[in-house]
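Notes follow once the structure below has been shown.
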Amino acid sequence: MNSMLNDFLQQDIMFLQGVGPKKAELLAKELSIYTIEDLLYYFPFKYIDRSVFHAIKQLNQNLAYVQIKGQFKQFSTVGEGYKKRLVAQFVDESGSIEIVWFKAVAWASKIYKKEIDYVIFGKPNFFNGKINFVHPEIEEAEKTSNVKLNATLQASYNTTEKMKKGFLTSRAISKLQENIRKSINTVIPETMSAYLVEKLKLISINEALRTIHFPENTNNIKKAEYRLKFEELFYIQLNIFKQKNNRKVNIKSYIFQHVGEYFNQFYTNNLPFELTGAQKRVLKEIRKDLGSSRHCNRLLQGDVGSGKTLVALMSMLLALDNDYQACLMAPTEILAQQHFITIQEFLKGLNIEIEILTGSSKTKKRRVLHQDLSEGKIQIIIGTHALLEDVVQFKNLGLVIIDEQHRFGVAQRARLWKKNNLPPHVIVMTATPIPRTLAMTVYGDLEMSVIDELPPGRKKIKTIHAFDSKRLGIFKFIREEIEKGRQIYIVYPLIAESEHMDYKDLEDGYESISRAFPSPKYAVSVVHGKMKAAEKEKAMQLFANGQTQIMVATTVIEVGVNVPNASVMIIESAERFGLSQLHQLRGRVGRGAEQSYCVLMTSYKLSKDSRTRIDTMVSTTDGFLIAEVDLKLRGPGDLEGTQQSGISFDLKIANLLKDSEILQHARHIANKIIEDDPKLEKEHNLLLEKQRKRLFSKKVSWGQIS
Ligand code: ADP
Ligand code: MG
């Protein structure tokens with residue numbers, strides 16, 4: 001980029017004409033805009049045809065945003081206290097409408113004058129039998145016609161209430177964009193190689209940036225949007241492929257050459273059932289990785305109950321067959337315990353040294369464990385975060401399995417890499433399915449395996465939505481199930497901001513459950529996050545052994561717990577849970593041969609999103625479908641796992657859901673380029689590399705350190 005232009009664009013936004021310290025602070029706080037370039041890349045979310053004015057008489061509440069032109073006739077302050085508002089009569093030739101302000105009342109009554117033509121832009125509401133506008137955008141008609149750069153289409157920018165109070169309306173932003181344009185006064189140089197721009201029939205970056213803010217017609221907007229969306233997604237993909245390739249070439253790991261005694265013995269003597277097709281396929285993929293000198297860094301996705309543990313175990317046996325140690329790390333003590341028990345059971349008679357290390361392991365035992373691990377006496381170690389500590393040293397660690405990756409931070413994962421001379425192979429298991437489009441961007445530089453098939457003979461879980469008033473009926477149903485010998489989970493919400501509240505909910509719940517299911521006929525376990533690990537353990541164990549029939553819990557039981565005899569999952573205040581959490585919780589049942597049920601209890605008052613979540617849960621058990629809905633509801637930035645990814649999700653113009661076709665295309669092109677020029681050092685790709693670095697040099701690659 002031309003250096004003078006670059007200097008200008010990198011300047012603090014405060015120095016742009018029309019922006020002072022106050023507005024600069026607002027832009028930074030509200031929109032994370034710090035430089036002039038940031039503002040240039042702040043795009044409108046829609047365009048208004050400024051040549052069209054509605055007649056006031058024709059307004060109705062079904063219309064979207066419209067524009068009217070007329071004059072204020074009268075201002076009056078109405079109501080008291082928080083209901084105090086300013087109401088103005090605004091008229092054109094056809095009729096009159098009320099304009100209402102609840103905030104900035106004094107300011108609005110001062111600034112707007114009678115007998116001057118104004119253009120008002122807003123959404124018609126229906127209130128008290130009349131149509132009104134609340135807090136619309138208002139501008140003197142004279143000023144609107146002064147805009148030179150665009151004739152009819154006016155860009156509309158998202159603004160916040162705080163910005164509007166600070167005079168940073170959508171119009172004001174448009175003016176600032178004009179100021180940038182005027183100051184640039186030259187052609188903005190290309191940000192993609194010429195051959196690509198030509199081959200892909202893209203318009204120039206200069207034209208795209210001008211058109212997106214000041215379009216001449218709708219057709220041009222489309223071209224500008226396409227160019228900018230493509231570019232945004234393309235560079236993310238280019239970065240992903242380059243790093244992935246870099247990892248392939250540069251990061252070596254141990255080669256597990258042969259399939260030996262342990263694996264074969266297990267397969268012929270110990271495996272209690274036939275592997276599913278998906279398990280076989282995934283194992284093949286993993287074996288291929290482990291058998292090459294390439295470092296394996298694989299994400300293993302599989303819905304709850306799809307049998308990931310077994311795949312993990314068999315991969316660990318491959319490590320053992322090649323004289324390496326393996327470890328399996330779980331996010332909670334309970335899970336680690338359960339894995340330990342399951343795996344010991346699976347490995348009976350195989351003469352494999354397997355141990356467990358968690359936060360509650362006794363000091364004395366720990367010392368022995370550390371010793372045995374470093375001497376290689378222990379072949380498989382299962383544990384929690386305790387495994388990450390520096391005192392934990394291996395003789396020859398070859399494979400690390402991480403269960404439920406989203407509970408681990410990036411830094412923690414990085415510590416695992418240092419447990420041997422070369423980084424050990426890593427397999428990360430997750431039961432939170434990741435939608436395809438998201439997987440391509442967030443986890444793009446990890447290899448991915450998917451177990452998309454459940455073991456045969458599972459009965460589909462029946463999911464029911466019940467309002468709180470139906471609780472007695474639900475209790476009756478619970479009694480019947482217990483009568484049949486089943487066990488029941490009852491889960492209360494855990495709200496991050498208020499653990500106290502969560503505790504109270506659970507406590508109340510426990511009391512009412514104890515009353516409805518009195519001892520000695522019934523026995524109830526409780527598990528919540530505030531209990532000591534040992535207490536939790538004990539309560540879990542009682543339930544797992546069938547000594548208690550009901551488990552009252554918070555979401556601590558969300559991940560991984562396996563009690564096949566539990567066939568009913570009751571979720572209280574289900575509207576307060578996210579979709580992926582609901583799905584995870586439901587996955588605790590349906591693990592045995594019996595018909596299982598999930599009951600979602602809610603109050604009558606449900607928001608639209610809560611409604612969608614509940615309906616989705618009732619209508620499907622497909623984790624991938626649920627993940628797609630979750631992505632639509634929450635947007636990618638909020639999905640579990642993405643925050644740690646190091647990739648920023650505030651995409652400026654592309655939308656992972658709506659633009660998945662552009663994403664695929666961009667991905668295809670980026671992949672081709674890296675295949676042909678892995679280091680991006682060929683002359684025609686130098687610009688691409690420069691821009692890639694500019695965009696991503698500050699960011700962490702998830703794949704590099706997971
Ligand atoms: P998840 O993927 O949720 O971790 P698990 O590994 O806990 O699932 O497996 C769920 C249950 O299914 C376990 O009881 C496991 O023994 C059983 N299982 C795993 N693979 C198979 C299979 N191929 N056939 C039958 N049951 C299986
Ligand atoms: Mg599991």
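The values are calculated or read from the model by the stated rules, or taken from the named source; none is laboratory data. A quick note: this is a predicted structure, and the numbers were derived from the prediction, not measured. When we count neighbours, we look across all protein chains shown, and the Cβ atoms used for this are built from the backbone with ideal geometry, even at glycine.
Contact annotation: residue pairs with Cβ atoms under 8 Å, 6 or more positions apart or on different chains, pairing a residue in segment 607-625 that is farther than 16 Å from Gln581 by Cβ with a partner that is outside any loop (DSSP other than H, G, I, E, B) and among the acidic types (Asp, Glu), are Ser607/Glu575. Annotation note: of Thr363, Thr332, Thr342, the sole residue that is among the β-branched types (Val, Ile, Thr), closer than 18 Å to Gln541 by Cα, outside the structural domain of Met531 (by TED's automatic domain parsing) and at pLDDT 90 or above is Thr342. Does any residue of segment 328-339 turn out to be more than 14 Å from ligand 1 (Cβ to nearest atom), closer than 30 Å to Arg588 by Cα and part of a helix (DSSP H, G or I)? Checking segment 328-339: at least one residue is more than 14 Å from ligand 1 (Cβ to nearest atom), closer than 30 Å to Arg588 by Cα and part of a helix (DSSP H, G or I). Going by the structure shown, is Leu542 within 16 Å of ligand 1 (Cβ to nearest atom), in a helix (DSSP H, G or I) and either more than 26 Å from Lys462 (Cβ to Cβ) or not acidic (Asp, Glu) (or both)? No. Scanning segment 469-485 for residues that are surrounded by 14 or more Cβ atoms within 10 Å (Cβ to Cβ) and polar (S, T, N, Q) yields nothing. Residue count for segment 591-608 satisfying the condition of being over 25 Å from the mean Cα position of the chain (by Cα) and hydroxyl-bearing (Ser, Thr, Tyr): 4. Residues considered: Ala172, Ala64. Of these, the only one that is outside any strand (DSSP E or B), closer than 30 Å to Thr218 by Cβ and in the same structural domain as Gly20 (by TED's automatic domain parsing) is Ala172.
With the structure loaded, tell me whether Glu675 is among the acidic types (Asp, Glu), assigned to a loop (DSSP other than H, G, I, E, B) and either more than 25 Å from Glu447 (Cα to Cα) or at pLDDT 90 or above (or both) or whether it fails that test. Criteria not met by Glu675.
Of everything in segment 55-70 that's of a type outside the set (Val, Ile, Thr) and crowded, with 16+ Cβ neighbours inside 10 Å, which residue is nearest to Tyr112 (Cα to Cα)? By that ranking, first place goes to Gly70.
Out of curiosity, is Arg613 within 16 Å of ligand 1 (Cβ to nearest atom), at pLDDT 90 or above and surrounded by 19 or more Cβ atoms within 10 Å (Cβ to Cβ)? No: the conditions fail for Arg613.
Taking the criterion of being small (Gly, Ala, Ser), within 16 Å of ligand 2 (Cβ to nearest atom) and either touching a helix residue (DSSP H, G or I) at 6+ places or on another chain (Cβ under 8 Å) or not in a helix (DSSP H, G or I) (or both), the residues of segment 283-327 that qualify are Gly302, Gly305, Ser306, Gly307, Ser315. Of all residues in segment 294-315, none that is closer than 29 Å to Leu582 by Cα and in contact (Cβ under 8 Å) with a residue 24 or more places away in the chain has its Cβ atom under 6 Å from the Cβ atom of a residue that is of a type in the set (Asp, Glu) and within 10 Å of ligand 2 (Cβ to nearest atom), 6 or more apart or on another chain.
Entry remark, segment 456-480: residues being away from ligand 1 (no atom under 16 Å from the Cβ) and either more than 17 Å from Asp622 (Cβ to Cβ) or free of Cβ contacts under 8 Å to residues at least 24 places away in the same chain (or both) number 17 in total.
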